[in-house]
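Right, one structure below, let's go through it.
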Amino acid sequence: MLRAITARFGVALQYPEFRRLWMANASSQAASWALIVTRGWLIYRESGSSFLVGLATFAAMAPMLVVPPIIGVLADRIDRRRILLIAYTVDAAQSATLMVLALTGLLEVWMVLTLSLVNGISRATQLPTSQALAATLVPSNQLLNALSLNASTQHGSRLFGPGIVTPLLAIAGAPMAFGVSVVLYLIALRQARSLAPQPPEPSSGQSFIADFLGGLAYVYDRPVMRLMLLILVAHCGLTMAFESLLPSFAHNQLGAGDEGFGSLMMGVGSGAFVASLFVAGLQTHRGRGNALIVTGLLSGVGQVLLSLTDSLVVGIAAAAIMGGAQAAFMTIGQAVTQSIATNEFRGRVASINSFSLGGMMAMMNLFNGSIADEIGAQSLLLIYGMVFALVVAVTMIPPTGRQVYGRAAIPEAHLA
């Protein structure tokens, strides 16, 4: 029984190189979400301002607007393993700096914002690099499973990172929580060091800018990839830019104490982890499309359910539904784009994903944080959830949308 489950849902983990990358991603993503919760908890506790929480989140995500296009070209030109080693080293150093400043009582909000930017630059480097690298470490027939498992580290970390630091924040405060991030980044660094060097594809001989523009043209010329990316952008902006809203929502709507924000994030993470593993077992284009429809609708509906509750327990359950649907939708969507791409373009395709999705989340978190105190986090969650459910319904109508959602086969002309 266990062997059958592993053969379907975890088959890519039988490849040692992919397994090491998967463990590095799991550890680094848990560290990142531990930082998100700790920073949000600390800033809201000190200032009571949703805007400052949103500003910190924006600082951590804003590099997605600048860094991925650069990293995407580099990841197609130089050893992707080396890029990850540098990124993990920087992250461990900035987390250690936060820990020392918190221990000495010198940590101020502006310092948190500055180091959030450093963390954001590093994370914007990691995400497209690891996504492109994961796609090269397994045979092509295991690509969806590998990308799903890789995505499960990103989404499941919403459970494990906050799950570790939430009780620590209540007991020992921010210094210990920052220390957890240091340890997790060091584990990721060790796993990445054990990877074999990953020589890139032969250079195109073009300039840096020409290579980047070539990646944009590559995505634009593939209608299925193009529409999938646009839907993912809408998904990130409307359903995944909630980090700046949850501290205020937990405090004002749910009447929860300091543990409310972390508990909701754990709910999101638990649903995300389970859903990502489920997606890893999808083996057909039709099944993947059906799951994309269901999880797209639930991404919006789950957020609506969360906005309507005034109980922390019910809120955690609604957050789990929302988080599971969001994780599955993003995992399948990114697998669609990578399955169409050839290896020489995978770094740039992954970077366009990260640039578009992370950039949208950064801007929306800043926007949400700036208006949440006036409009209310509950109203924003409700409106955004309803709008995205409508987006899914509308994009199922055109022929390309039917191909995206598995209702029709993708023509060879659209594929790599």
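Would you mind computing the Rg to Rh ratio of segment 257-325 from its alpha-carbon coordinates, Kirkwood style for Rh? Mind dumping the intermediate values first?
Values: Rg = 13.2 Å, Rh = 12.4 Å.
For segment 257-325, the value is 1.06.
Would you mind ranking HIS235, HIS251 by Cβ crowding within 10 Å, fewest neighbours first?
On the way: HIS235 25, HIS251 18.
If I rank by nearby Cβ atoms, fewest first, I get HIS251, HIS235.
What list of ³J(HN,Hα) couplings, whole Hz, do you get for segment 178-185 from phi and the Karplus terms 6.51, -1.76, 1.60, once you set θ to phi - 60° and write x for glycine and proline?
Here the 3J(HN,Hα) series is 5, x, 4, 4, 4, 4, 5, 5 Hz.
When N counts the residues of segment 31-173, how does its alpha-carbon radius of gyration compare numerically with 2.2 N^0.38 Å, as a ratio?
Computed over Cα atoms of segment 31-173, the ratio equals 1.14.
Return a whole-number percent for the relative contact order of segment 33-173, with Cα pairs under 8 Å and 6 or more residues apart as the contact set.
36
How big is D for the chain, in µm² s⁻¹ as a whole number, if Stokes-Einstein is applied with the Kirkwood radius of its Cα pairs at 4 °C and 1.567 mPa s?
Values: Rh = 21.1 Å.
Translational D for this selection: 61 µm²/s.
What ranking, highest mean first, results for peptides 19-31, 62-74 when packing means the other Cβ atoms within 10 Å averaged over each residue?
Numbers: 19-31: 24.9, 62-74: 22.9.
My ranking of the peptides, most packed first, is 19-31, 62-74.
So what's segment 303-416 giving for Cα Rg divided by 2.2 N^0.38 Å, two decimals?
Cα-based Rg divided by the globular estimate yields 1.30.
Just to check I understand the Karplus step: with θ = phi - 60° and J = 6.51 cos²θ - 1.76 cosθ + 1.60, what whole-Hz values come out for segment 126-131, glycine and proline as x?
5, 4, x, 5, 5, 5
Any read-out appearing in this document is the output of simple, stated calculations on the displayed coordinates, not a laboratory observation. Note that the structure is predicted; figures quoted are calculated from it, not measured. Note that each Cβ is placed from the backbone with ideal geometry, even for glycine, and that neighbours are counted across all protein chains shown.
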